[in-house]
Amino acid sequence: MKSDSNEARSAMALVPVGHVRSPLKDFLPAPPAHGHATEEYLTNIRRYNERVRNLESELVIFPELEDILLGIEEFSHVLVLYWAHQVPEERRGVLQVHPMGRKDMPKRGVFATCSPARPNPILLSPVRLVSRSRNVVVVRGLEAVDGSPVLDVKPYVRGYHAIDEAVVPQWMERLRQEMQERNP
C-alpha cells in the first residue's frame, strides 16, 4: 500500500497515562565538547549507570486509570515507554549522532542509536518491578528523569521479548563492553 509522506506525517494524539517520580533530575552526563571519551567522562558514565541500575522510581499512573495495572505485580520485569520531555525541541530535528557524543564512534542515524535526541523522544526501558500499591508502581533501573510522562507499561515476557540470535554492530558491542568492564 502506497502512502503520501505528508499524510503519513500527520499529527496524532498521544496521551500520557501517568508520570515518573524519580530522584533522577538530569539525563546522562554530557559528552566532552571535543567528543573523545576521556577517562573522566567514562568514570562519570560508570557512576551514572551504576546509580540508575540501583535507582528506585515510581510510575504514578493517573488514579482514574488504576484498573489498567490489574495483575502487573505478577511480573518481575516490565517495559516502560516514556516521553523524554527534557529533550529540547531543536534536538528533535537531529537525524544523525555519534553514539554517546563520542567522535571515536561512527556517526549513525538516531534510529540506529539509543539517543534521546530523536524526532519523537519516546524511550523504552526494561526495568525490575519492585512493588505496586494502587496506582503507583515502584521499579528499579529506570533512566527516566523526574516528571517524564509515562506512555505505556507492558509486561516483560522472556520467551516473547528475548531474541537469542540478535546481532548488534561492532561499535555498539564495544560501548557495551566498555561499560561492563568498568561496571563488573
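Output the number of the condition that residue 60 fails; it satisfies all remaining conditions of (1) modelled with pLDDT of 95 or more; (2) assigned to a loop (DSSP other than H, G, I, E, B).
Going through (1) modelled with pLDDT of 95 or more; (2) assigned to a loop (DSSP other than H, G, I, E, B) one by one, residue 60 breaks only (2).
Considering only segment 114-147, how many residues are surrounded by 13 or more Cβ atoms within 10 Å (Cβ to Cβ), of a type in the set (S, T, N, Q) and at pLDDT 90 or above?
2
What about residue 150, is it surrounded by 11 or more Cβ atoms within 10 Å (Cβ to Cβ), touching a residue at least 24 places away in the same chain (Cβ under 8 Å) and within 14 Å of the chain's Cα centre (by Cα)? Give the steps one after another, and end with the answer.
Working: surrounded by 11 or more Cβ atoms within 10 Å (Cβ to Cβ): yes; touching a residue at least 24 places away in the same chain (Cβ under 8 Å): yes; within 14 Å of the chain's Cα centre (by Cα): yes.
Here the answer is yes, as residue 150 does meet what is asked.
For segment 90-105, name all the residues that are closer than 22 Å to residue 178 by Cβ and of a type outside the set (Gly, Ala, Ser). Quick ask: steps written out before the conclusion?
Pass one, segment 90-105, residues closer than 22 Å to residue 178 by Cβ: 96-105.
Residues satisfying the conditions are 96, 97, 98, 99, 100, 102, 103, 104, 105.
If you check every pair at least six apart or on different chains, which have Cβ atoms under 7 Å apart with a residue in segment 119-139 that is without any contact (Cβ under 8 Å) to a residue 40 or more places away in the chain first and a residue that is buried (at least 19 other Cβ atoms within 10 Å of the Cβ) second?
Filtered contacts from segment 119-139: 121/83; 121/84.
Suppose we keep only residues that are of a type outside the set (A, V, I, L, M, F, W, C) and touching a helix residue (DSSP H, G or I) at 6+ places or on another chain (Cβ under 9 Å) within segment 129-149. Which one would you say is nearest to residue 85 (Cα to Cα)?
Step one: filter segment 129-149 for residues of a type outside the set (A, V, I, L, M, F, W, C), giving 131-135, 140-141, 143, 146-149.
With the extra rule that they be touching a helix residue (DSSP H, G or I) at 6+ places or on another chain (Cβ under 9 Å), the set shrinks to 131-132, 134-135, 140-141, 143.
Numbers: 131: 25, 132: 25, 134: 25, 135: 22, 140: 20, 141: 19, 143: 13 Å.
Per the criteria, the residue is 143.
Taking the criterion of being of a type outside the set (D, E, K, R) and in contact (Cβ under 8 Å) with a residue 60 or more places away in the chain, would at least one residue in segment 104-113 satisfy it?
We begin by selecting, within segment 104-113, every residue of a type outside the set (D, E, K, R); these are 105-106, 109-113.
So of that shortlist, the ones also in contact (Cβ under 8 Å) with a residue 60 or more places away in the chain come out as 105-106.
Yes; the residues of segment 104-113 include at least one that is of a type outside the set (D, E, K, R) and in contact (Cβ under 8 Å) with a residue 60 or more places away in the chain.
Here's a check for you: in segment 1-18, which residue that is in a loop (DSSP other than H, G, I, E, B) and within 30 Å of residue 60 (Cβ to Cβ) is modelled with the lowest pLDDT? Lay out the reasoning, then the answer.
Here is the first cut: in segment 1-18, the residues in a loop (DSSP other than H, G, I, E, B) are 1-4, 9-17.
Checking which are within 30 Å of residue 60 (Cβ to Cβ) leaves us with 11-17.
On the way: 11: 79, 12: 84, 13: 85, 14: 89, 15: 95, 16: 98, 17: 98.
Top of the filtered list is 11.
What number goes with the only condition from (1) more than 14 Å from the chain's Cα centre (by Cα); (2) exposed (fewer than 15 other Cβ atoms within 10 Å of the Cβ) that residue 61 does not pass?
(2)
Can you run down the residue pairs with Cβ atoms below 6 Å, 6 or more apart or on separate chains, where the first is in segment 50-79 and farther than 19 Å from residue 24 by Cβ and in contact (Cβ under 8 Å) with a residue 12 or more places away in the chain and the partner is surrounded by fewer than 15 Cβ atoms within 10 Å (Cβ to Cβ) and among the β-branched types (Val, Ile, Thr)?
Close Cβ pairs satisfying both conditions: none exist.
The values are calculated or read from the model by the stated rules, or taken from the named source; none is laboratory data. Predicted model only: the values in this text are computed from it and were never measured. Counting neighbours? That spans all protein chains shown, and the Cβs are built from the backbone with ideal geometry, glycine included.
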